[in-house]
Amino acid sequence: MGLTPSYLSKSSTNSPPRRSRSLSPMAPPPQPRATVPVQVAAGGSGSSSSSCLFAPPARDYTQDLPDEILALVFASLSPADRSACSLACARWKEVDAATRHRLSLDARAGLGHAAPALFARFAAVTKLALRSARGSGADSLADDGAAAVAAALPSDRLARLKLRGLRQLSDTGLSSLAAAAPALRKLSVGSCTFGPKAFVAVLQACPLLEDLSVKRLRGLPDTAGAASAITEKIEFPQALSLRSVCLKDLYNALCFVPLVASSPNLRALKILRCSGAWDLPLEVITARASGLVELHLEKLQVGDRGLAALSACRNLEVLFLVKTPECTDSGIISVAEKCHKLRKLHIDGWRTNRIGDFGLMAVARGCPDLQELVLIGVNPTVLSLRMLGEHCRALERLALCGCETVGDAEIICLAERCAALKKLCIKGCPVSDRGMESLNGGCPSLVKVKLKRCRGVSYECVESLKVTRGRSFSITLDIVLEHDAGSASENGVQETGQAQITELTDQMAGMDLPTNAAGAQSSTHNRMRSVWSAVRRRFGNPHPQ
């Protein structure tokens, strides 16, 4: 939520008197003053009047809440509700300002004038987001405004900075913001107009930077080919603290290859929907940052040569290959032969049939610690699934989506071989009741199954599995109706690749999280109940005297 200068207005002068408080150890509450019962007459036309006694509260009992408890209550509120509560009285305003660590501002041109008063009030901010609306145009924050914001920032505290839609901000503006935040650890920029040279100043001014995310930059030079991009005259300083880099939706992300290659301690790299040829850049990156543990590649022009370069990353544990049609079994084999610590492998083959049994059998032989496997548009058979079950004894999560060769025989094979399997997701595969019934006695660790677009499976089979496996077992079935079957078969696994993989990942990793809105709401209510329980233990239940 954006904050404007009007947000700085003082609270009403009609607020009740209060004692000065600070975030200090709790003091005993003051004794409530005695009150005199007030007689209130109640009656109506045609009836005799009757009286009842009420004892109105003598004072505001929220004044008895220690600042620490009040801060916990504020932390449970949404940003909009928290801002509204901070204007209730002067004390709430002070507690909110002293404990608010996250601030999101509407980055218009006038923000520079309001910045000194804003950051004088919110001096504890550690996470700052500057956002400009899509249609703001020339009214968004520019270099002079960024300099004013930088001068007012709590430089010793700011650890995270997010910039969105600042189309008037140039390299100079980003440099001034970075210079004012030497303790910065995470920087995320998107839909801005500065270029790659601005990040030279960022790395120089922020030696503790660990996480860098760059999305949809509009100031990148239009170079042609990988070679010219890699040899471009941009000398990035060595980023010893950088651990994670994400490059997304960039028409020339190759400009950042020298930056990534200058990070010898890099652990996670995501390159998503970026143009250019990436075989040679991956060779350069992995040669200098061989400690990579996690790599995401989506919709890239990368082939087996690029995958072979990953063999230098012997500690690689997580690999996502989403819609990289030039990758084949040969590239997967080269990764499996060297990266023996692989735990998660996600492949969206885009129905190119270039990755199949041979690549998966190599994974089974070379990656015994594999725990999670997601195959979309890939066609494994009993041959590879049997080897995966025999060699990957720790395989707990498996997703098969749009796999035309996965039928009853393959499901029976999984039931017989995958003893450690806990979660199974099957979408758009030609399986039937015969294959699913094999799960009655197989996969003893299985706790959750999700079926979608599997028209050969009946609800009777699903109910039978529920009864046989007990209450701890969960299974869902989503059958496409006949009038939707055409569109489903046309789309198949051609849904947005990253969205589908993200959905599957959330389904697999979120077993202990609430599965619906009621569960999430219950979690929030439990948190609020714990806060008020602490209040009651400290003060008891106050009653009017």
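The values are calculated or read from the model by the stated rules, or taken from the named source; none is laboratory data. Since we're looking at a predicted model, the values are computed, not measured. Heads up, the Cβs are rebuilt from the backbone with ideal geometry, glycines too, and the neighbour counts pull from every protein chain shown. Heavy atoms of the whole protein, side chains included, go into the accessibility calculation; ligands, DNA and RNA do not. Shrake-Rupley method; radii C 1.70, N 1.55, O 1.52, S 1.80 Å.
Compute the FRET efficiency between ALA133 and ALA287 as 1/(1 + (r/R0)^6), taking r as their Cβ-Cβ distance and R0 = 41 Å, and round to the nearest 0.05. It would help to have the intermediate numbers written out before the result.
On the way: r = 43 Å, r/R0 = 1.04.
Once the sixth-power term is evaluated, E becomes 0.45.
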Legend entry - Segments 139-151, 457-469 sorted - mean Cβ within 10 Å per residue, highest first: 139-151, 457-469
Inset, instruction - Step through the residues of the range 421-435 one at a time and calculate ³J(HN,Hα) from phi using the Karplus curve (6.51 cos²θ - 1.76 cosθ + 1.60, θ = phi - 60°), rounding each to whole Hz and writing x for Gly and Pro. - result: 5, 10, 10, 9, 10, 10, 10, x, 10, x, 9, 9, 4, 4, x
Legend entry - Rough spin-label spacing in nm, given labels placed 7 Å along Cα→Cβ, for LYS270 and ALA84: 3.3 nm
Inset, instruction - Among the lysines, select those whose C-alpha is under 29 Å from the C-alpha of LYS341, and discard any that sit fewer than 8 residues away in the same chain. - result: LYS186, LYS248, LYS270, LYS299, LYS323, LYS422, LYS423, LYS427, LYS448, LYS450
Inset, instruction - Just report the Cα centroid separation between the range 95-143 and the range 364-434, whole Å. - result: 50 Å
Inset, instruction - Any chance you could look up the accessible area of GLU283 with a 1.4 Å probe, heavy atoms only, rounded to 10 Å²? - result: 60 Å²
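Mind ranking 382-392, 81-91 by how tightly packed they are, going by the mean number of other C-beta atoms within 10 angstrom, highest first? List each step's numbers first, then the result.
Details: 382-392: 20.0, 81-91: 16.4.
Peptide ranking by packing, descending: 382-392, 81-91.
Taking R0 as 30 Å, what FRET efficiency do you get between SER311 and ALA183 from their Cβ-Cβ distance, rounded to the nearest 0.05? Could the numbers behind the result be given before it?
Working: r = 37 Å, r/R0 = 1.24.
Approximately 0.20, to the nearest 0.05.
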Inset, instruction - Could you pull out every residue, at least 5 positions away or on a different chain, whose amide H is within less than 5 Å of the one on CYS425? Hs are placed 1.01 Å off N in the peptide plane, and Pro or chain starts have none. - result: LEU398, ALA399, LEU400, LYS450
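FRET efficiency for ASN440 and ALA159, Cβ-Cβ distance as r, R0 = 45 Å, nearest 0.05? Intermediate results must be reported in sequence, preceding the final value.
Details: r = 52 Å, r/R0 = 1.16.
Between ASN440 and ALA159 the formula returns 0.30.
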Inset, instruction - Just grab the label-to-label distance for ARG471 and ASP60, each label 7 Å out from Cα along the Cβ direction, in nm (one decimal). - result: 4.8 nm
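Net charge within 11 Å of VAL200 by Cβ-Cβ distance, Lys/Arg positive one each and Asp/Glu negative one each, not counting VAL200 itself?
Values: positive: LYS197; negative: ASP171, GLU235.
Net of charged neighbours comes to -1.
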Inset, instruction - Give a residue-ordered list of calculated ³J(HN,Hα) values for the range 447-460 (Karplus: 6.51 cos²θ - 1.76 cosθ + 1.60, θ = phi - 60°; whole Hz; x for Gly, Pro). - result: 10, 8, 10, 10, 10, 9, 6, 9, 6, x, 9, 9, 5, 5
Inset, instruction - Sketch the reach of a paramagnetic label on ARG393 as a point 7 Å from Cα along Cα-to-Cβ, and name the residues of the range 321-356 whose backbone nitrogen lies under 19 Å away. - result: 340-344
